[in-house]
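Enquirer: Right, I'll just put the structure down here and ask away after.
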């Protein structure tokens, strides 16, 4: 399971954290979309990498917390599934990441603000420093995914999952 310096699942989590920092700081498209894509792919594969590492107990813990399968489960996971007395609850965020990674384009794109030129806005008053502030043009979109009937901004989805994976690795040394 290695690719260059990514030799274990913790390395892939570090890459996901790096991509999240780039995405959070990003101010333009398509750069934002590229970082979001890399993060979706990384988080999707993080489930598989983390699942395959460690002992059986860790596999059960990983599956219980991040199960992305709503319907049919790959044979790689059948043995672990036999440990659950009831059907294993689906993690809707990890499932959405899996669907996005596998091409299910069920998200909505909403323009936040688009401008063809720079805009000058008058702000404040003469007694509050400069009364004119120049604002640069910025075209950006919000991408929303439907999770259990609620629109969730994809950046929030990715932040939540990176934090959840960080917590998983801290508690499953």
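Rule-based calculations on the coordinates, nothing more; no lab input. All figures in this text were calculated on a predicted structure; none of them were measured in a lab. Don't worry about glycine lacking a Cβ; one is built from the backbone with ideal geometry, like all the others, and counts go over all protein chains shown.
Enquirer: Which order do 145, 152 fall in if you start with the one that has the fewest other Cβ atoms within 10 Å?
Expert: Fewest to most other Cβ atoms nearby, the residues stand as 152, 145.
Enquirer: A follow-up question, please. Which order do the peptides 37-44, 163-170 come out in when sorted by mean C-beta neighbours inside 10 angstrom, highest first?
Expert: 37-44, 163-170
Enquirer: Take the Cα atoms of the range 1-86, find their three principal axes, and give me the spread along each one in whole Å, biggest first.
Expert: Dimensions of the range 1-86 along the principal axes of its Cα atoms: 47, 29, 17 Å.
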